[in-house]
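The values are calculated or read from the model by the stated rules, or taken from the named source; none is laboratory data. This one's a predicted model, so the numbers in the text were calculated from it and none came from an experiment. Don't worry about glycine lacking a Cβ; one is built from the backbone with ideal geometry, like all the others, and counts go over all protein chains shown. The protein model used for the area step is the full one, side chains on, heavy atoms only, and it has no ligands, DNA or RNA in it. Shrake-Rupley method; radii C 1.70, N 1.55, O 1.52, S 1.80 Å.
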Number of protein chains: 2
Amino acid sequence: MHEQLTKYITDHSPLKEEHLQQVLSYFKPLRVKKNTLLSRIGEPSRRMFFINTGCLRVYFIKPDGREVTRRFAFENSFSSSLTSFIGGTILKEATQAVELSELLYIDRLDFYGLVDTVPGWDLFYRYCLEYAYVTNTRRLEDFITLSARERYRLLLEENPEVVLRLPNKLVANYLNITQEALSRIKSDI
Amino acid sequence: MHEQLTKYITDHSPLKEEHLQQVLSYFKPLRVKKNTLLSRIGEPSRRMFFINTGCLRVYFIKPDGREVTRRFAFENSFSSSLTSFIGGTILKEATQAVELSELLYIDRLDFYGLVDTVPGWDLFYRYCLEYAYVTNTRRLEDFITLSARERYRLLLEENPEVVLRLPNKLVANYLNITQEALSRIKSDI
DNA sequence: AGTAAACTTTGATCCGGATCAATAAATCAG
DNA sequence: CTGATTTATTGATCCGGATCAAAGTTTACT
C-alpha cells in the first residue's frame, strides 16, 4: 500500500527508517471513483494527497462561474492546494478525481506536526515548496511567452499523458483556451 | 544600516538576539545607481538582496529578445531570482536597479549555510518560500482571469507605487502589454 | 443494446490587444 | 541650456482566439 509513497519520500529526502515509519503511519488510504470531489472551495484546507493510481485535478472558479484548471497530478505524485494548505485557510481551489483513483492522504495538522518534530521531514516540506515554486514560475512564464498552439505543443512534448489520458475539454481548460480552439489546433496537421 | 533588515526578519520569524546578530553579520552593504545591472542571465545565482531604499526589477528575456518583467521590489523587501537561487543554477532572470538604491546582500552559500545551522533561520527561509509561492500563484491567476485593463486597475489598487514611481514602459512590461495599450487604458477616463 | 447526455468538430463573426507609423513630450549628456 | 535620445500618445490596421451556432460523435446509464 505504501511502497510508492515510500519511494517518493526517500527519493526526495532521506529519512531514517524509524522516522520514515513514523511519517507513513499518518497516511490513510482512500479509494474514490471518477469525478469524486475531494475538497471544495470555501472549506478549510485539510488534506494533502498522494496518488497511487489515477489522476487528480485542482481547479478554481472565475467570477463568471467558469472553472480554470490549475494542474493535474498523476500516480506517484502529491497533490494539494498549497496556497490554502500553507496557512490552513479557506480553499480557493477544489480538487477532483478525474479517474478512478487510489490515494493516500495525510491530515494537514499531522503534516505540520511532523514538519516540526520529525528530523528530515522539514527538508521534505522544503523540497515540496521549492518544487512547487519552480513549477509555478515556469507555468507563468509559459502563459506569458507562448501562444495557445505553442503551449499545446509544449504540453504534448513534456507531459503527453495529459493529452493522451484526459478528455479534450480538460486539456483545453488547462491550456486556458476553448475546446473549439484546441480542436482546431489539433487538426492543423 | 541594518535596522530595516532587522525589523523585516524579526517580523517574519523570531530569532534569538545572538542568532539574529549572526545572520546580520553576513549581509554586506551595496549602493548602486539607476540602471545598474546586479546580476546577468547565464551567470550562477550568487546573491539575495534586501532593499533599504530604491527599487529592483527582475526580468527574463523571451526567445525573440524582448524583456519580460517578473516583479519589482521596493524598500523593505527581499529580491532574488529564487528559481536559480534554490539550486545555485545558472540565472534565467536578470536583476536591475531601476532607481538609485541602497542594498544589503547575502551570498547564496552563506544564506544556505545559515539555513542549516542557525536555529530559526530555516523558518525564515520557509516563510520566504511560502510567500513567494502564494504571490506567484496569485500572479498566474491574475494573468489567466483578467484583461489588460483589469490587471492595470488591480495593480493601481494593490500596488500603486509601481504605477506612480516607475515609467509607463516598465509598468506596461510588467502587465505584459505594450506601451501603446497602457497609454490607451490610462486615457480611458 | 438503446437512448440520453456529454463531448468534439466545423463554420461564421467579433473583439482585445499587437503591430506599424508618425508626432509630441520628457529626460539626459555635454 | 540645448540638441539628442528615449519615452508617451494617437491613429490605422491586423490577427489569435473567443463566442455563437449547428452537426456529428462518443460515452454512460438502466
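Key figures
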{"item": "Residue among A:Arg66, A:Arg70, A:Arg40 that is of a type in the set (D, E, K, R), open to solvent by 10 Å² or more (accessible area, probe 1.4 Å) and at pLDDT 95 or above", "result": "A:Arg70"}
{"item": "Among (1) in contact with a Gly (Cβ under 8 Å, 6 or more places away or on another chain); (2) open to solvent by less than 70 Å² (accessible area, probe 1.4 Å), the one test that A:Tyr127 misses", "result": "(1)"}
{"item": "Residue satisfying condition, being open to solvent by less than 70 Å² (accessible area, probe 1.4 Å), touching a Phe, Trp or Tyr at 6+ places or on another chain (Cβ under 7 Å), within 16 Å of DNA strand C (Cβ to nearest atom) and closer than 26 Å to B:Leu82 by Cβ, within set A:Leu114, A:Leu146, A:Leu155, A:Leu175", "result": "A:Leu175"}
{"item": "Test: residue in segment A:171-186 that is more than 16 Å from DNA strand D (Cβ to nearest atom) and closer than 21 Å to A:Arg57 by Cα", "result": "no"}
